[in-house]
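One structure is given below, encoded as structure tokens.
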Amino acid sequence: MASGYGLQGGPSRCFPFWQEVLACYVVNTSAEDDSGKKKCAPVLEDYYECLHHKKEAARVRALQAAYRKADASSARENAPSAGQIRNLGLLDKEEDTKQVLGG
């Protein structure tokens, strides 16, 4: 929340990061010279990550993609063929259905 207060009345989850940003600006800038803002870029980046979770979401997407790729590359044992899946015992194919279902 912009006010610094969270939904439950206490400080918001990102308020400590915002305090670090302000402290960095106070130490590194003045009214005449604001070139010290460059020193605060990592702190500001941490604050933005706390707000938006973009890096965390990118990591999660990368892990999920790697998991799906690994899962797709491994062959399943006893996987039914396309023909076995298509008929599903609808037209006098009870034997194939029993094989697919393992019964």
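The values are calculated or read from the model by the stated rules, or taken from the named source; none is laboratory data. From a predicted model like this one, the values you see are computed outputs, not experimental measurements. With ideal geometry, Cβ positions are generated from the backbone for all residues, glycine too; neighbour counts draw on all protein chains shown. For accessibility, only protein heavy atoms count, side chains too; no ligands or nucleic acids. Shrake-Rupley method; radii C 1.70, N 1.55, O 1.52, S 1.80 Å.
Across the stretch 25-79, the qualifying residues are those that are of a type in the set (Phe, Trp, Tyr) and open to solvent by less than 90 Å² (accessible area, probe 1.4 Å), and the one among them that is nearest to Lys98 (Cα to Cα) is Tyr47. Only a single criterion out of (1) assigned to a loop (DSSP other than H, G, I, E, B); (2) modelled with pLDDT of 75 or more is not satisfied by Leu90, namely (2). Only a single item in (1) touching a residue at least 12 places away in the same chain (Cβ under 8 Å); (2) assigned to a helix (DSSP H, G or I); (3) within 27 Å of the chain's Cα centre (by Cα) is not met by Pro42, and it is number (1). Residue under question is Leu63, and the condition is that it be closer than 26 Å to Val26 by Cα and part of a helix (DSSP H, G or I); does it hold? Judged against the criteria, Leu63 is not a match.
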